[in-house]
Amino acid sequence: MLPADQHVHTQWSGDAPAGSMRDACARAIELGLPGITFTDHADHTKLVVSDEAAAYIREIGGTVTGGVFEPQPLDVTGYLQCVEQCRAEFGGKLKVRAGIELGDPHLHPREAAALAGAGFDLIVGSVHSLRCPGGFADAADRYASLPDAEVVREYLAEVTAMVQSPADFAVLAHINYAARYWPGRQGPYRSADFEGEYRAALRALADSGRALEINTSGWLPLDPSLLTWWHEAGGEAISFGSDAHDPVTIGREFTAAATMAKTAGFEPGTDRTALWRR
Ligand SMILES: [Zn+2]
Ligand SMILES: [Zn+2]
C-alpha cells in the first residue's frame, strides 16, 4: 500500500519546464498512488547567483539581473483552476490536492501570511536560501565559498529557525536539501556527522507540531537515520514527497520509503491519502 505523493511540481513551477499537472495525475493513477498533492514553488527570496547558476536559470526561461535572480510569483488563480480541471478529470480515481512549496517563509512573513490565506490544502515549508555577502544565495551555491560541512551546519541552523517561526506550514520539506549538493572535497557526506544538528532541527520540528517529509527525489540515498531521529524526537507524522519536477519521477522509491517508515515506527491511517503517524 503506497502513500500519497505530497511534493510534486508542475508547469506552474519556474524550474519544472518538463512538468505537466495532467500527466502527473495520470502517472500517479498508473502507479496506484491514492493521492497527489501539487506543491508548486512560491519563493520570495532574491538570490545572488553564480555565473553557472545564472546560465541555467536563463536556459529554463528565468531572468537574472546584475547577478541577482528574483523568483516569479506563483499565478495562484491559474494554478488553482488547473488543479480544479485535474480534479474534474481524475478525481474519481485520485485524491488531488492543491498545495504550495513555500520557500523561506520565516524571511517573508507578509507574503507567507497572504498565501496561507489563499486556501491551499497543504503548505510545505522549505529552506532554500542561506545568507551570503550581499544578501542570500541558494544553499547549493554556498559551497563555492564555505567548507562542505559548514554549509550543512548553516542549513540545519536555518531549518531550525524556520520551524521555530510562526510561519504557516504543515510539513518540513527536504531537511537534507543542502546535503544534495555536497561536493565531497573533505570526504563523503554522512548524516551521522551532523547528528546533533539534525536532532536539534527535528526536536524543534516536533515541538512545532509539524510533520517531516521523506524526500525521495533521488539526489541522496534514502536515509533511515533521519526517520529514527525523528521518531526519537517525538515526531508525530511523516509525509512522502518525490519532489518530482516531471511526471516520470512521481512516487519515486515510495515502496522502499514506506518500508523504511514502518521500520522507524510510522503507520498509515484509514485514510490512505493522509500523513502517516506514529
Ligand atoms: Zn525545495
Ligand atoms: Zn520541491
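The values are calculated or read from the model by the stated rules, or taken from the named source; none is laboratory data. Fair warning: this is a prediction, and the values are worked out from it, not measured in the lab. Ideal geometry is used to build each Cβ from the backbone, glycine not excepted, and the neighbour counts take in all protein chains shown. Ligands, DNA and RNA are stripped out before the accessible areas are found, and what is left, the full protein with its side chains, is counted by its heavy atoms. Shrake-Rupley method; radii C 1.70, N 1.55, O 1.52, S 1.80 Å.
Brief remarks on what is shown
- Tabulated pairs, region 190-205, first surrounded by 16 or more Cβ atoms within 10 Å (Cβ to Cβ), second in a helix (DSSP H, G or I) and among the polar types (S, T, N, Q), C-beta under 6 angstrom, 6+ apart or interchain: Ser191/Ser225; Ala200/Thr160; Ala201/Thr160; Ala204/Thr160; Ala204/Gln164
- Tally of residues being open to solvent by less than 10 Å² (accessible area, probe 1.4 Å) and assigned to a loop (DSSP other than H, G, I, E, B) across region 217-254: 3
- The residues listed here are Val83, Val68, Val76; of these, the one that is more than 21 Å from Ser217 (Cα to Cα), out of contact with any strand residue (DSSP E or B) (no Cβ under 7 Å at 6 or more places or on another chain) and either touching a residue at least 12 places away in the same chain (Cβ under 8 Å) or surrounded by 21 or more Cβ atoms within 10 Å (Cβ to Cβ) (or both) is Val76.
- Gly241 vs. criteria at pLDDT below 95 and within 16 Å of ligand 2 (Cβ to nearest atom): no
- Meets criteria (within 24 Å of Ile36 (Cα to Cα) and of a type in the set (Ser, Thr, Tyr)) for Ser225: no
- Per the conditions (1) open to solvent by 20 Å² or more (accessible area, probe 1.4 Å); (2) part of a helix (DSSP H, G or I); (3) at pLDDT below 95, the sole criterion not satisfied by Gly61 is (2).
- Counting only helices (runs of 4 or more DSSP H) wholly contained in region 93-198, the ones carrying 1 or more residues that are among the aromatic types (Phe, Trp, Tyr) and within 16 Å of ligand 2 (Cβ to nearest atom) occupy 148-164, 177-180.
- Given (1) open to solvent by less than 10 Å² (accessible area, probe 1.4 Å); (2) in contact with a Lys or Arg (Cβ under 9 Å, 6 or more places away or on another chain); (3) farther than 30 Å from Ala192 by Cα, index of the condition Phe90 fails: (1)
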